[in-house]
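Visitor: The structure is given below, and queries will be raised subsequently.
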Amino acid sequence: MLPLTDQTLRASFINASRREVNDLSLPADFDAIDWAAIEFLGWRDPKFERRAYVVIPLLDGGHAGIVLRHPGSTPRVRAQCSWCQDVTLPNDVILYTAKRAGKAGRNGDTVGVLVCEDFQCSRNARRPPRAFYEGFDAEAARQEQVDSLQLRVMAFAAEV
Ligand SMILES: [Zn+2]
């Protein structure tokens with residue numbers, strides 16, 4: 001994705017109150033992010049245990065920032081992340097919920113999504129897939145994983 005500044009990041013939120021945007025903490029490594037290596041930016045807020053954020057690039061060149069709510073517990077059964085769909089389950093997957101943008105969200109309407117707890121999806125999607133047969137093009141398959149991840153996060157932004 002294209003790099004964001006503190007300002008463009010905060011301006012991108014579609015389902016947050018002004019107060020939530022003002023008191024959010026940027027990712028700890030914000031100045032060192034390798035933007036070319038991620039399809040979206042996701043992080044948890046160290047100040048608010050139950051709060052996390054994702055900023056998702058949109059087709060029109062803009063971004064959608066979304067506040068997510070962490071359920072406060074980790075499920076006992078490992079689910080599959082609906083974004084990276086990584087099958088090796090290297091990390092916990094959490095049911096995050098997002099208030100819908102606008103009036104629907106103010107009326108309490110939410111969208112749930114099962115996602116890697118610390119948003120490791122971009123890293124997971126970049127791992128070379130296992131070769132299933134001779135001549136398997138692992139690089140092409142890896143690119144497909146990355147492209148699919150991009151489409152899935154964009155679809156989530158549209159849903160919110
Ligand atoms: Zn994931």
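FYI, it's all coordinate maths here, none of it is from the lab. If you're wondering where the values come from, they're calculated on a predicted model, not measured in any experiment. With ideal geometry, Cβ positions are generated from the backbone for all residues, glycine too; neighbour counts draw on all protein chains shown.
Visitor: Counting only trypsin sites (Lys or Arg not before Pro) that sit in a DSSP loop (anything but H, G, I, E, B) with at most 16 other Cβ atoms within 10 Å, what is the longest stretch of the chain containing none of them?
Guide: Details: sites that count: K47, R50, R76, R78, R130.
Between exposed loop sites, the widest span is 79-129.
Visitor: So, in Å, what gap is there between the alpha-carbon centers of region 116-160 and region 1-71?
Guide: 20
Visitor: Arranged from highest to lowest average of other beta-carbon atoms within 10 Å per residue, in what order do the peptides 25-38, 81-94 appear? If you can, show how the numbers build up before the last one.
Guide: Working: 25-38: 12.2, 81-94: 18.4.
Sorting 25-38, 81-94 by mean packing, highest first, produces 81-94, 25-38.
Visitor: Of S148, S12, how do they rank once you tally other Cβ atoms within 10 Å and put the fewest first? List each step's numbers first, then the result.
Guide: On the way: S148 15, S12 21.
Listed from fewest to most nearby Cβ atoms, that is S148, S12.
Visitor: If you line up the long axis of helix 138-159 against the longest principal axis of the chain, both from Cα atoms, how many degrees apart are they, to the nearest 10?
Guide: For helix 138-159, the angle is close to 20 degrees.
Visitor: Provide the FRET efficiency to the nearest 0.05 for the V21-L114 pair, computing r from the beta carbons and using R0 = 25 Å. Intermediate values should be presented prior to the final figure.
Guide: Working: r = 25 Å, r/R0 = 1.02.
Computed FRET efficiency for V21 and L114 comes out at 0.50.
Visitor: As a footprinting exposure proxy, order F48, F13, F40, F119 by other Cβ within 10 Å, with the fewest listed first.
Guide: On the way: F48 15, F13 20, F40 23, F119 27.
Ranked by crowding around the Cβ, least crowded first: F48, F13, F40, F119.
Visitor: Okay, next question. Defining a contact as two alpha carbons under 8 Å apart and six or more residues distant in sequence, what relative contact order in percent does region 6-159 show? Before the final figure, lay out each step's value.
Guide: On the way: 243 pairs, mean separation 32.5, N = 154.
It rounds to 21 percent for region 6-159.
Visitor: If each residue of separation counts as 0.36 nm, what is the full-extension length gain between V77 and F30 once their alpha-carbon separation is subtracted?
Guide: Working: separation 47, 0.36 × 47 = 16.92 nm, distance 3.20 nm.
Here the segment from V77 to F30 would lengthen by 13.7 nm.
Visitor: Length gain on complete extension for the stretch E49 to L95, per 0.36 nm per residue less the alpha carbon to alpha carbon distance? Please list the in-between numbers first.
Guide: Details: separation 46, 0.36 × 46 = 16.56 nm, distance 1.47 nm.
So the extension gain works out to 15.1 nm.
Visitor: Taking just the C-alpha trace of region 4-160, give me its Rg and Dmax in Å.
Guide: 16.0, 55
Visitor: How do E39, E139 line up, fewest other C-beta atoms within 10 Å first?
Guide: On the way: E39 23, E139 10.
Lowest count first: E139, E39.
Visitor: Which residues' amide hydrogens lie under 5 Å from the amide hydrogen of R100, considering only partners 5 or more residues apart or on another chain, with H built in the peptide plane?
Guide: For R100, whose amide H was placed from the backbone, the distant partners under 5 Å are G105, D109, T110, V111.
Visitor: If you don't mind, another one. Could you list which residues have their amide H under 5 Å from that of H63, counting only those 5 or more apart in sequence or on another chain, with H placed in the peptide plane?
Guide: L58
Visitor: Let me ask you something else. Please list the non-local residues whose amide H lies under 5 Å from the amide H of R51, H modeled 1.01 Å from N, same-chain partners needing a gap of 5 or more.
Guide: When sequence neighbours closer than 5 places are left aside, the close amide H contacts are D45, H70.
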